[in-house]
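Working notes, structure below.
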Amino acid sequence: MNKPHISISDYTYELPDERIAKYPLDNREQSKLLVYKNNEICERKFTDILGELPKGAMLAFNNTKVIRARLKFRKETGAEIEIFCLEPLIPSEVQMAFDSRQKTTWKCIVGNARKWKTGALTKAIAFNNHHLTLSIVKGERLSDAYSIEFSWDNTDVSFAEIIEHIGLTPIPPYLNRETEDIDKDRYQTVYSEHQGSVAAPTAGLHFTKDILNQLEDRQHPLLNVTLHVGAGTFKPVKAEAIADHDMHTEHFVIERVALQRLLTNANELIAVGTTSVRTLESLYWYGVRLLMDMPINHGIEQWDAYNLDDTYTKKEAFLALMNYMEKNNLSHLAGKTSIIIVPGYNFKVINGLVTNFHQPQSTLLLLIGAIVGQKWKSIYEYALTHNFRFLSYGDSSLLMIED
């Protein structure tokens, strides 16, 4: 199996703590925008993005919605136990899990787990004239998490309503602070729609409804995909070589009408956020697997993009996917991907990326390296010396893939 030979130590830089944006700016569109195209770097305001995009370029957004995934319980002894919901196990389909009316089981990180050996923990809840008792039971160990069964005694209430009422927004750990009221609104894109993420697709946090309207007025088609961002997005790369790193799996959904628009789009395609990149590029490899008469039920695995036949065109791959959906009478494709995009990757779908500035030695920084090559060092040096704010609540960049 082919694996890229890349040392993670080659993708590091000094990130002072004061450069990490701990809070969002007052207005979403106030952030700065670094633009890299034609092998040049310059500074703009985010609102200037309207004039920096290629004419008629399509923008692809991830419309996932961050759930209030952190739930706090207290034992009779007074010990606090925090439950961080990662992904549903029973039922495994995200929307079905949220719609559950009596019980559901999730994969969860358990904070202070050593203080909770056995037995159920309960919490009395009252909201909107509903009264119920929520119980949790710890099941089997799942690597660094547990299976947690949630059950409650009011079938008029869904699990989605429960966590919306008692849950906390799971802001990134590197902010080093507790969730505050401002995060409920600002750690969510204005176009978020489908619940399922435990981290925001942060590139989209800069867009306002006004900017979206202006994009459409200037004949930029807007496309939605859905990839539910998992906690694995914050998983550090501990291996010295990227070939030894296990990439996390994330689930995505694309409507057939959206795939049709991708198939007929003749203009450049700009992904908003790394999660949109992962979804769009994974769709190409789904099509390739079909063209190679390979199963797709296991999704796109970590090294598929470096081992499958990459001579198929984007049109051929998307046509194969469209035919598969039509043959199986699917209005949407629900898939999963563990794709890892690192320097040397040959992009098949996107022409550019809107994204924030990422952590040193992260898979996200490697993705940036795949787009701009060794120029990433100059880009990040420019951002550091020109007072750009970093990470989730930080400033933005528009990075174009050079021919």
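A few points about this structure:
- Net lengthening on full extension, Glu402/Leu263 (0.36 nm per residue, minus Cα-Cα): 47.8 nm
- For the chain, the Rg and Dmax computed from alpha carbons only, in angstrom: 21.5, 63
- Sorted by Cβ density within 10 Å, fewest first, the residues Thr169, Thr64, Thr189: Thr169, Thr189, Thr64
- In this simple spin-label model, placing a label point 7 Å from the Cα along the Cα-to-Cβ direction at both Glu18 and Glu193 gives a separation of 4.3 nm.
- Fewest-first ranking of Leu134, Leu330, using other Cβ atoms within 10 Å as the exposure measure: Leu330, Leu134
- Loop trypsin sites (Lys or Arg not before Pro), the range 158-260 (other Cβ atoms within 10 Å of the site Cβ: 16 or fewer; DSSP): Arg177, Arg218, Lys238
- Across the range 70-167, the fraction of Cα-Cα pairs farther apart than 23 Å, rounded to a whole number, is 19%.
- Share, in percent, of DSSP beta bridges within the chain that are antiparallel, nearest 5: 75
- Plainly put, the range 161-254 has a radius of gyration that is 1.02 times its Kirkwood radius, both from alpha-carbon atoms, as the Rg/Rh ratio.
- Centre-to-centre, using Cα atoms only, the range 194-215 and the range 303-328 are separated by 28 Å.
- Computed from Cα atoms alone, the Kirkwood hydrodynamic radius reported for the range 198-246 is 14.0 Å.
- Simple spin-label estimate for Asp153 and Thr47 in nanometres, 7 Å along Cα-Cβ: 5.6
- Per-residue packing, averaged as other Cβ atoms within 10 Å, sorts the ranges 83-94, 142-153 into the order 83-94, 142-153, beginning with the highest.
- The chain: relative contact order in percent, alpha carbon pairs under 8 Å with at least 6 residues between: 23
- Only helices enter the 222 nm calculation for the chain: every DSSP H run of n ≥ 4 contributes -39,500 (n - 2.57), and dividing by all residues gives -6500 deg cm²/dmol, rounded to 500.
- Listed residues Ile136, Thr77, Ile109: farthest to the positive end of the dipole of the range 70-167 (Cβ charges): Thr77
Each reported figure results from applying straightforward, stated rules to the coordinates on display, with no laboratory input. No experiment lies behind these values; they were computed from the predicted model shown. Cβ sites come from the backbone with ideal geometry, for glycine too, and all protein chains shown count toward neighbours.
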